[in-house]
Amino acid sequence: MTNTELNFIAVNNYKTCKSIVFIDASDYNPDVEITQAKVIVDTPMGYSCDLSFYPKKINKFNSNSLKITNVTNTNQLTSLPSGLYKFNFSICPNEQIKQTVNYFNVCIELKQLADIVCCLNESEEKELTHIKKLIENLHYVKTYAEICNDVKKAKKLYDYTVKEINRLSKAGCGCY
C-alpha cells in the first residue's frame, strides 16, 4: 500500500496579480478515496478562509475565493494584497495528511518596478542597477518565506524594499 504525500507547487503569475495558483503534484494512495480536500488560507489581512480544493488539479485562488470581493464578473476581480499567505492543505484524515505552503505575494511590487523600468531611458544606468537590486530583494523575500520558512527575515526585507520602491515612485520614475 502506497502512502499519500501532499505536494503543492505555487505558480508565480505576475501578469495580473489577481490570483495565486497551485499545481497539485501530490502522490495519492490509489487504494484510498480522497475525501475532505480542504485548505485553510491565512491571509495577510489577518483573517482565514476555509475552502476546498480539487485534488490532482490546478487550483486557483482569487479575490472572490479569498473573501476580498464578491463579484460575478471576473473582470471585477481585484489584485490580491501583498504579503504572506499561508495555505494549509489537507485531506481526510485531515490531522494526519497535510501540507503547509507559505506564499509571499510580491506581484504588485514587481509590477511597480516593471512600470518604472519601462520609463527609464538609457542614460539612467544607476537607477536600473538599483531596480535590479530591488527585484532581487523581492525574490529573496519569497525564498526566505517559502523555502527557508523564515517569515521574520522575509517581512523585514520586504518592508525595506517597499520603502525603496515607494521612494523611486515618488521621485517621478514611474508611468502611473
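The values are calculated or read from the model by the stated rules, or taken from the named source; none is laboratory data. Just so it is clear, the model here is predicted, and its values are computed rather than measured. Using ideal geometry, Cβ is built from the backbone for each residue, glycine included, and neighbour counts are taken over all protein chains shown.
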> Which residue pairs have Cβ atoms under 7 Å apart, sit 6 or more places apart or on different chains, and have a first residue in the range 142-170 that is in a loop (DSSP other than H, G, I, E, B) and a second that is not small (Gly, Ala, Ser)?
Replying inline: 149/102; 150/144
> In this structure, does residue 138 turn out to be assigned to a helix (DSSP H, G or I) and modelled with pLDDT under 95?
Replying inline: no
> Hey, does the range 77-88 have a residue that's touching a strand residue (DSSP E or B) at 6+ places or on another chain (Cβ under 9 Å), surrounded by 15 or more Cβ atoms within 10 Å (Cβ to Cβ) and part of a helix (DSSP H, G or I)?
Replying inline: no
>> Against the definition (modelled with pLDDT of 90 or more, out of contact with any Asp or Glu (no Cβ under 6 Å at 6 or more places or on another chain), of a type in the set (Val, Ile, Thr) and closer than 30 Å to residue 34 by Cα), how does residue 91 come out, yes or no?
In response: yes
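Each row is one residue, and each column tells you yes or no for (1) over 13 Å from the mean Cα position of the chain (by Cα); (2) β-branched (Val, Ile, Thr).
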{"site": "7", "(1), (2)": "yes, no"}
{"site": "39", "(1), (2)": "yes, yes"}
{"site": "56", "(1), (2)": "yes, no"}
{"site": "91", "(1), (2)": "yes, yes"}
{"site": "99", "(1), (2)": "yes, no"}
{"site": "108", "(1), (2)": "no, yes"}
> Given the structure, is residue 72 more than 17 Å from residue 7 (Cβ to Cβ), free of Cβ contacts under 8 Å to residues at least 24 places away in the same chain, surrounded by fewer than 19 Cβ atoms within 10 Å (Cβ to Cβ) and not hydrophobic (A, V, I, L, M, F, W, C)?
Replying inline: yes
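Given the criterion hydrophobic (A, V, I, L, M, F, W, C), in contact (Cβ under 8 Å) with a residue 12 or more places away in the chain, farther than 12 Å from residue 19 by Cα and surrounded by 15 or more Cβ atoms within 10 Å (Cβ to Cβ), identify the matching residue among 61, 104.
Going through 61, 104 in turn, just one is hydrophobic (A, V, I, L, M, F, W, C), in contact (Cβ under 8 Å) with a residue 12 or more places away in the chain, farther than 12 Å from residue 19 by Cα and surrounded by 15 or more Cβ atoms within 10 Å (Cβ to Cβ): 104.
Residues are listed down the side, and each one gets a yes or a no for (1) surrounded by 15 or more Cβ atoms within 10 Å (Cβ to Cβ); (2) in contact with a strand residue (DSSP E or B) (Cβ under 9 Å, 6 or more places away or on another chain); (3) closer than 24 Å to residue 62 by Cα; (4) not assigned by TED's automatic domain parsing to the domain that holds residue 40:
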{"residue": "94", "(1), (2), (3), (4)": "yes, yes, yes, no"}
{"residue": "119", "(1), (2), (3), (4)": "no, no, no, yes"}
{"residue": "123", "(1), (2), (3), (4)": "no, no, no, yes"}
{"residue": "127", "(1), (2), (3), (4)": "yes, no, no, yes"}
{"residue": "133", "(1), (2), (3), (4)": "no, no, no, yes"}
{"residue": "136", "(1), (2), (3), (4)": "no, no, no, yes"}
